[in-house]
Amino acid sequence: MPRSEQGVTHDRYMLIPRTAIFVRRGDEYLLLKGSPSKRLWAGKYNGLGGHVDRGEDVVSSAQRELLEEAGITADLWLAGTLIVDAGDVGIGLFLIVGENPQGELKGSQEGDPEWVRYEALGQLPVVEDLPILLERIHGMRRGDPPFFARSYYADEGLRVVFS
């Protein structure tokens, strides 16, 4: 359908597409420790990933981000989606799992990639939703149906609601 027939108007809720990649190796996950100079989550652990560029599909974006931020490749699959309420605009976060990592880790200006045991997450400074998302992803296998979730802040703090 051409753009003129998409019904895009500025009064509608818009989503910015992003990827969050969680490569796993046994009971370990490849996480990125944010660079101390990062504007957001400096010194905290998060998945790898970033914006989906114009003309990219979600998996191609995740492959590019994984190579840029960690210097590796992996077999990728969609684990779920999370709509993050960011006010007037939302974030459409595609949660990607990677398996069979290939290559040697290298850091980037975003931070340093590190293999972290799943059980060690509670002792590390992490972004707020990371433990919630990894708990959901940890038991998933390729071929499982993807999950769907949304997150927002309420009086009691961050809420992540799974459908």
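What follows is calculated from the coordinates using simple rules that are stated; it is not laboratory data. Worth saying up front: this structure is predicted, and the values here are computed from it rather than measured. Glycine also receives a Cβ, built like all others from the backbone with ideal geometry; neighbour counts cover every protein chain displayed.
Any chance you could give the angle, 0 to 90 degrees and rounded to 10, that helix 58-70 forms with the longest Cα principal axis of the chain?
Relative to the chain, helix 58-70 is tipped by roughly 40 degrees.
Go through segment 22-29 residue by residue and turn each phi into a ³J(HN,Hα) via Karplus (6.51, -1.76, 1.60, θ = phi - 60°); whole Hz please, and just put x for glycine and proline.
10, 7, 10, 9, x, 9, 10, 10
If you average the C-alpha positions of segment 58-136 and of segment 36-55 separately, how far apart do those two centres end up, in angstrom?
Here the answer is 9 Å between Cα centres.
Got the relative contact order for segment 3-162 handy, in percent, Cα pairs under 8 Å and 6 or more residues apart?
Relative CO of segment 3-162 lands at 27 percent.
Is there a quick way to get the dipole size of the chain? I mean about its Cα centre, with the Cβ of Lys and Arg at +1 and of Asp and Glu at -1; what is the value in debye to the nearest 20?
60
May I ask you to evaluate 6.51 cos²θ - 1.76 cosθ + 1.60, the Karplus curve with θ = phi - 60°, for each residue of segment 77-93 and list the ³J(HN,Hα) values in order in whole Hz, giving x for glycine and proline?
Computed from phi, the couplings for segment 77-93 are 8, 7, 8, x, 10, 9, 8, 9, 6, 10, x, 5, 10, x, 10, x, 9 Hz.
Using just the helices of the chain, give the 222 nm mean residue ellipticity in deg cm²/dmol: DSSP H runs with n ≥ 4 each add -39,500 (n - 2.57), and the total is spread over all residues, rounded to 500.
Mean residue ellipticity at 222 nm (helix-derived): -4000 deg cm²/dmol.
In nm, give the distance between the simple-model label positions of GLU135 and SER4, each being 7 Å from the Cα along the Cα-to-Cβ direction.
Output for this residue pair reads 5.1 nm.
Hey, of [x] 103; [y] 144; [z] 165, which did the structure itself give for volume of the Cα convex hull per residue in Å³ when calculated?
The value matching this structure is [y].
Taking θ = phi - 60°, what integer Hz values does the Karplus form 6.51 cos²θ - 1.76 cosθ + 1.60 yield along segment 158-163, in sequence order, with x for Gly and Pro?
So the Karplus estimates, Gly and Pro as x, are 5, 10, 10, 10, 9, 7 Hz.
Between THR73 and ASP11, what FRET efficiency follows from the Cβ-Cβ distance if R0 is 41 Å, with the result rounded to 0.05?
0.50
Of all alpha-carbon pairs in segment 1-91, indicate the percentage at a distance above 21 angstrom.
The calculated P(r) of segment 1-91 puts 43 percent of pairs beyond 21 Å.
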